[in-house]
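Below is one structure, written out as structure tokens; comments come after it.
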Amino acid sequence: MNKAPKAALTLAAAAVSTSLVLSGCSSAAGTTGGGGAAAAPLGQDAITKALNTPTTLTFWTWVPDIDKQVKLFQAKYPKIKVKVENVGQGLEHYQKVRTAVKSGQGAPDVVQIEYQFISSFTLTKSLLDLAPYGADDLEGDYVPWVWNQVKQNGGIYAIPQDTGPLGNLYRTDIMKKAGIATPPATYDEYAAAAQKVKDATGSYISNLPSNDPAQVTGLLWQAGIKPFSYDGNRTVGINANSPEVKKVLAYWQGLIQKGLVSTDGDFTDQWYQGFASGKYAGWLTAAWGPIFLQGTAKGTAGKWSAAPLPQWARGQNASGNWGGSSDAVLASSKNPIAAYELAKWINNDKSSTTKFANEQFLFPAAKNVLEDPAFTGGKSSFFGGQQVNKQFAEISGTVDTKFEWLPFMDYAYSAFNDTVGKAIGDKGDLSAASDAWQTKLVSYAKAQGFTVK
Amino acid sequence: MGTVPSTVARRGRRSTGLSTMKKRQNAAAYLFILPFFVVFISMLLVPLWYSAYLSLFQSQLIGGETFAGLANYVRAFTDLAFVAGLGRMLVFFVIQVPIMLGFALFLALALDSGRARGAKSLRLLYFVPYAVPGVVATLMWGYLYGPDFGPVAQLFRAVGLQAPDFLGEGSILGSMMNIVTWEYVGYNMVILYAALRAIPPELYEAAEIDGAGPTRIAWSIKLPAIRPALLLTVIFSVIGTFQLFNEPSLLDAIAPSAIDDSYTPNYYAYNLAFVNQDVNYAAAIAFALGLVIAVVSYIVQLTTQRRERTNREGSR
């Protein structure tokens, strides 16, 4: 018996330590290098030389089957070998990139990065400014609003790959049952339609997830609201509870509290079932939504249609963005020229961008696909023969061009989930929740040393 | 149990001192434990020290790192999110652990009584949930709890009743208790059962001769004999409870409104490190949690020991 306490204490100690290993990752001081001052543009000689020198690049990405595009690149530049590594998606991916950057070892040359996280990496000067490498000349190749997403204080920090302009996907059969012939053009009409759909069919006109800040942000984006700003240095602007934000949230709160919009968490089993079973009559979603639905709700093929989002005022034509990503070069890369060429080529050369659009179904950021009749002319049988790509290509042109992010969107989103998201799920007061969100963001920003505008 | 080999070793040492043979044996022994120590030190002790070191600093996204002394710890114990998480785990411990251990004890006694038919396969069956990885178990239960298509909800709806909301803010802790109980009853049962099997059968014979029935034997012989094993399971449960992580982190996806980022202390530390990018404060939270676990474990031990002592004095 005498031994037991000691053994138990050791056990306790061991247990303590496992809880600590978690936090054992490095936080060594800042990174070296960094894009910073604009260097003189590189000569063509230097680029040719770099592309003809045997080089191995590492590319961290979660995009499925991206090997296809990389293969095209390698066929074009046989001296460059690219190692594609998938280190996880979302939070996990960024954690690993940050850890590798901080430790100064094992970081890749090229990384996949979503638009809203670019500034969290320029903040730490981890991304290479691609302008001196020739990225300045690419501006005309991409949709203007996307280009603004990768541009910061004159520097270009990533090459856009895909986007998610928001539209309205809806079930034509359910709408018809409710006596709605054309998709609602304004949010007032949308609310009226929601009531009809509920009364006639029992379905919800759509679902506003309680766990998806990115979708809600996209809807704010559409309304021309700029809740965030960042000057690229140490000043951030946070207006997450402005009257404009509250107006949009109050609209949704009304629909939620009347029981016309459900609030299931998205990308959960429950939510997938909701599409398959007709619980949701529609989805305000991004351009990647149509293909996604095709995989999720196979049984509803042919019953869907795509339209632009409802508008806040009649005659308006605006949209926001939800999702999409880009490829950036880390400042620590030893082969910046080759790395840049990889990031550029796969997202710029038509053979590669077309493949992204047609095989991985990424909604393109590059005009050479967006404006190609072969792409926009495609008819989707899932959408009853509608030219869905064309619809979303048009919507892409209406996305508000100047939306900015905070350099700590992972925290901003997590704080959203604990405040506004929670209130959505609880059918609660979204206005008070947005105040709480604002308070959290401001105190976090101040604690992290930012000046809050 | 381990007394025989140690006396032999002692006698050997006394008679000859350290012979070369002995030395060689010792060297071999060290060689054998070396791989363990290399991994133990590099994967456990070094990261542990490094975390302790990190927890003494404060870092900002702008402004970098500064030495902060114990400021992070002061912040931790005055941080409502952390304290609330601890409180939640205390509630969890007080309710769930007695239920789970009661169940485990009951099953162990039942199996040990030899009255159950097919005891061997039953023993395996009870243990199976423990073999299911916690992540898988939580996903499975998440499905069972589902408000629309979960089998329980469907059953309730089929008979015209309102389906219970397993994933609501008020019920999610109970749902988690259920998952953890399901998972660990078998595990604790095996520990208790093994202890029961180690009781010398002569005691039972003697008790029977004295006219004790099965209940009396269970109460007066079996229970006191397996008290160390029971204590062990309690300590394990203290540790397991306060470190709850899988369940909240996975259920967060399907019950986002009920679980926030500081629902349990461990989940909080994880989110601090990887979402808030505040590794230093996360390290401090982890150490503070460790401290709390050590204190609670110690209290549990003290109380059982004191009870034992008073029992012994009482019987004298």
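Tabulated results
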item: Estimated FRET transfer efficiency (residue A:350, residue A:47; beta-carbon r; R0 25 Å; 0.05); result: 0.80
item: Calculated on alpha-carbon atoms, Rg and Dmax of region A:243-398 in Å; result: 18.7, 58
item: Cross-link table A:226/A:258; A:151/A:446; A:247/A:303, entries beyond 31 Å C-alpha to C-alpha; result: A:247/A:303
item: Rounded, prolate or oblate (a/c below 1.5 giving rounded, otherwise prolate when a/b exceeds b/c) for chain B by Cα gyration tensor; result: oblate
item: Theoretical ellipticity at 222 nm over the protein assembly as shown - DSSP helices of four or more residues, -39500 (n - 2.57) apiece, nearest 500; result: -17000 deg cm²/dmol
item: Difference of contour (0.36 nm per residue) and Cα-Cα distance, residue A:301 to residue A:86; result: 74.2 nm
item: Per-bin percent of Cα-Cα distances, region A:332-445 [5 Å]; result: 2, 10, 13, 11, 10, 12, 13, 14, 11, 4, 0
item: Computed Rg/Rh of chain A, alpha carbon atoms with Kirkwood Rh; result: 1.00
item: Ranking by accessible area, most exposed first, for A:359, B:169 with a 1.4 Å probe; result: B:169, A:359
item: Tail weight of P(r) past 39 Å, computed on alpha-carbon pairs of the protein assembly as shown, percent; result: 48
item: Potential extension, residue B:23-residue B:143 segment - 0.36 nm per residue separation minus Cα distance; result: 37.2 nm
item: Enclosed volume per residue, in Å³, of the convex hull spanned by Cα atoms of region B:190-246; result: 79
item: Percent antiparallel among DSSP beta bridges (both partners in the protein assembly as shown, rounded to 5); result: 70
item: Order of exposure, largest accessible area first, which applies to B:222, A:49, A:151 with probe 1.4 Å; result: A:49, A:151, B:222
item: D (Stokes-Einstein, µm²/s), Kirkwood Cα radius, region A:199-331, 0.692 mPa s at 37 °C; result: 195
item: Probe 1.4 Å - accessible area at residue A:82, Å² to nearest ten; result: 20
item: Cβ-placed point charges (K, R +1; D, E -1), dipole of the protein assembly as shown about Cα centre in debye, nearest 20; result: 2860
item: Residue-level accessible surface for residue A:91, protein heavy atoms, 1.4 Å, Å²; result: 60
item: Rounded to whole Å, sorted largest first: equivalent-ellipsoid semi-axes of region A:162-212, Cα gyration tensor; result: 21, 13, 11
item: With all protein chains modelled, accessible area of residue A:354 [1.4 Å, Å²]; result: 40
item: Angstrom value of the Kirkwood radius, inverse mean 1/r, which spans all Cα pairs in region B:131-176; result: 11.2
item: Heavy-atom SASA rank of B:127, A:121 (probe 1.4 Å, accessible area, largest first); result: B:127, A:121
item: Long-range amide H partners of residue A:386 with built H, under 5 Å; result: A:380
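The values are calculated or read from the model by the stated rules, or taken from the named source; none is laboratory data. What you are looking at is a predicted structure, and each value in this text was computed from that prediction instead of being measured. Backbone-built Cβ (ideal geometry, glycine too); neighbour counts: all protein chains shown. What goes into the accessible areas is simple: the full protein's heavy atoms, side chains included, and nothing from ligands, DNA or RNA. Shrake-Rupley method; radii C 1.70, N 1.55, O 1.52, S 1.80 Å.
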